[in-house]
Amino acid sequence: MATENKRKSAAKEVRRQFSMKMLVGDERMPKLLGLLLVLFSFYSLVAFTSYLFTWWEDSAWVEDFHFDVLFGAGVEAANWLGVLGAMVAHFFIHDLFGVPSFIFIYLFFGAGYYLTQGIPLRRLMPRFWWGMATMIWSSALLAFFFNHTEISEFPWGGTIGWAIVNWMYNLLGTVGILALLVFVMFAIVVWRYNPSFENLSPERVKGYFADMFRLETLTGAFSGLRGGSADEEEEEEADEEYDPRAASQAESPAPRQRPAPQTHARGASGNQLDLDLPGNNRPLGPSLSSLGGPGELEIAETPNNDVQSAMDEDTGRLNRTELVQLPATSHDSANEEPYESLTPYDPTLDLSAYENPVLSLLEPYDDQQIIVDREELEQNKNQIVNTLLHYKIEITRIKATVGPTVTLYEIVPSPGVRTSKIKNLEDDIALSLAALGIRIIAPIPGKGTIGIEVPNRNKQIVPLRELLASEKFRRSSMELPIALGKTINNEVFVVDLTKMPHLLVAGATGQGKSVGINSILMSLLYKKHPAQIKLVLIDPKKVELSPYNRIDHHFLAFLPGDDEPIVTDTSKVVQTLHSLTLEMDERYNLLKKANVRHLTEYNAKFVARRLNPNNGHRYLPYIILVVDEFADLIMTAGKEVELPLGRLAQLARAVGIHLIIATQRPSVNIITGVIKANFPARLAFKVTSKIDSRTILDSGGAEQLTGRGDMLLSLGGELTRLQCAFVDTPEVERVIEFIGNQRGYPAPFYLPEFGMEGGGSGTEGGTPRTVEDLDEFFEDSARLVVTHQSGSTSMIQRRLKLGYNRAGRIMDQLEAFGIVGAADGSKPREVMFSSDVELENYLRSLRRNQ
């Protein structure tokens, strides 16, 4: 009987706990609580507003409150919401912060909105702390001016404000209190908005006032004010409207679930754990007693304080890299004239009011910390050790480094074990771990260990915001810093595009190339001023890079007369590439005249006023050419695209023109030897075969990646595995809108015209007016195209053994004199003469008429 009662009581207790757990875990509970808070915010708004007009009538009975009042003990409330409304308003306004208590309404509404939308309340904490700080300061300020001696009148600052001022009055006096309140106000503004005081320099102030009275500034004043001084509250509301769950669900096919046994650790240099080998695996090496008992994990935590502190500054701006300023020298070159003014030139003065995008435009994607699942680590360790022992391979030590996507298990084999033997077991280890592709690094460069990379069950998103907020990116002195992602050691990986100097991005469809391109462009937009870089964007798909259309007067460069700043048409692509070669040649001429060898040296001399614009010198911004879907261009235009691109890749790095090319078809006919030779930096996302991996990286490994931003970077002959930074399309659009709403340059940055009319084809002086002005191979080229009935620049180049640029100029001359027709993509030009006799008669008439 006692056993039966005990069983029933235990069953009842289980049902009670189960019902409580269901009640707490029910997703309807937060929604109901959120609706209650939203209704209470509107209730408080009406009660507080009514209190401003009826406080005196209700003050007598509210201050002598007793519970009989709630049951209508002869009390008539003047508040619009009755007795309860008068009590709520009296508590918040009189007993707490006074009139600033209206901020509570905003906090109640925000908390209710977050709960109904399923957004974690911890994202509301920054607003809560700023609201509390503002209420405390405002209540003290109002109490100081209105009722610091007594609170019997209307409680402008509430009881708390009155208590603060009354205490400070005897301590600091009237002047001291006023000075302290002013200081606290400036402290809150600086801490909240992080204003830049560099604009207070005399040069910037002078340039700012000069900009104010320009015609284009006055005509666009409304749009400039609307975009340039965007209110922080509007930015925060934009953050609230965007739900990061949609992006994470799109990236992840299944909801991310965290296992119960886990240990949290944050580390700038990764999470390294020494794993004890099983005790029943025979003596596998030296004693590991220093690592603790069996199954224990030692976690080396290195808090990433610089990233966390920067992330706390929700609206912090990234400082631009200051230009190198050299002192003016007393001597000048033969073709240079000294300036009258020795003030260093600042190229940013034309847009002195320009502000870099703020970090709050990007999503933090919750608290992205590395999750160390002890059970998963132990299970993988045992599987690796048992698999190696099955093939009679003994190891002495194994250590795990947990990254956002994969975990690196470093093993030290026993003496006499060949590394190739372990390398050949890649498929067997993957089978035992049931993992989606593992990668064995035998050995790890610079270490006496062999690495086994195993994908994590719970992959972590690496937000771009976290990378841009890191100290490594913010304090970077690189010319063109790019935050690519995080390494296996959980370190922020930042590279300089000028050191690459070109980047080739390849990978299968849907593996993260577009996100990677956006991360690169966002890194540049957050760090640089429009005067320092220009972007040439080529997008055959017409939709990937289209959001950047709005910043055409800030960061984009394109051909004059183009309707769209983003190049999408194949014929325009060929013209743009040739135009870039003309820009490159012109820049080399400027460097030659300035007696320098690199763009940084040239700009440093120009900033130091050692180069005279009257001699043709100008400040040269970096130009970054981004080509998406390169394979489509090769299929449609072929050599017309590859040849100028190859010339840019070989020569353009010294004059500040850098190339980023992306393709989803990493085959040898797309990524040719010329491209590979001039693109030492290559970024490979997941591909379908080892052949594609060898085409991109000259080694395997890309076919073993897990996808969704997992990538390998080949730089300087070394492979680095990274998890690409994630930035979603709405975030990109918010950043573009923030930049586009600011005042831009009156005209975009135009590339040199490529064509006969403007002299941009390379022919000095434009269209030749006489036969003597034509190239000496003009007639031979005309006979060649008529004989073969094919107007092809590559044929002229090949048959007459000319350079591509010269062959292109001859083809333009043939078109100008009506021998061949206009260009039609990659097709040969139409030949207007059907026989050699007809051509000779035409050439003879040209000579006679001239």
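Give the ranking of Ser667, Ser519 by solvent-accessible surface, highest area first, calculated with a 1.4 Å probe. Please list the in-between numbers first.
On the way: Ser667 30, Ser519 0 Å².
In descending accessible area the options line up as Ser667, Ser519.
Accessible area per residue was computed with a 1.4 Å probe on protein heavy atoms; Phe754 scores about 70 Å².
Distance cut-off 22 Å, Cα to Cα: go down the list Lys399/Lys423; Lys513/Lys541; Lys542/Lys686 and report the pairs above it. Kindly include the intermediate steps, with their values, before the conclusion.
Values: Lys399/Lys423 18 Å; Lys513/Lys541 14 Å; Lys542/Lys686 24 Å.
Flagged as over cut-off: Lys542/Lys686.
Counting heavy atoms of the protein chains alone, Leu115 has an accessible area of about 30 Å² for a 1.4 Å probe.
The label-point distance for Glu733 and Lys542, in a model that sets each label 7 Å from Cα toward Cβ, rounds to 1.9 nm.
Ranking of Arg721, Arg474 by solvent-accessible surface, largest first: Arg474, Arg721 (1.4 Å probe, protein heavy atoms only, all chains present). Working note: Karplus 6.51/-1.76/1.60 with θ = phi - 60° gives the range 642-651 the couplings 5, 5, x, 5, x, 5, 5, 5, 7, 10 Hz, where Gly and Pro are set to x. Assuming charge only on the beta carbon of Lys and Arg (+1) and of Asp and Glu (-1), the dipole of the range 368-509 about its Cα centre is about 240 debye to the nearest 20. In this structure the range 540-602 gives 43 Å² per residue of accessible area when probed at 1.4 Å with all protein chains present.
Packing here is the average count of other Cβ atoms within 10 Å per residue, and on that basis the peptides 132-140, 157-165, 28-36, 182-190, highest first, run 157-165, 132-140, 28-36, 182-190. Across the range 618-631, rounded Karplus estimates of 3J(HN,Hα) from the backbone phi angles (6.51 cos²θ - 1.76 cosθ + 1.60, θ = phi - 60°) give 8, 6, 10, x, 5, 10, 10, 8, 10, 10, 9, 6, 4, 4 Hz, Gly and Pro being marked x.
Can you work out the FRET efficiency for the pair Leu36 and Asp95, with r the C-beta to C-beta distance and R0 = 22 Å, to the nearest 0.05? So the FRET efficiency works out to roughly 0.45. Straight-line cross-link reach from Lys605 at under 27 Å between alpha-carbon atoms covers these lysines, not counting any fewer than eight positions away in the same chain: Lys206, Lys499, Lys527, Lys528, Lys534, Lys592, Lys593.
The values are calculated or read from the model by the stated rules, or taken from the named source; none is laboratory data. This one's a predicted model, so the numbers in the text were calculated from it and none came from an experiment. Note that we place each Cβ from the backbone using ideal geometry, even for glycine, and neighbour counts take in every protein chain shown. Please note that ligands, DNA and RNA were not included when accessible areas were found on the heavy atoms of the full protein model with its side chains. Shrake-Rupley method; radii C 1.70, N 1.55, O 1.52, S 1.80 Å.
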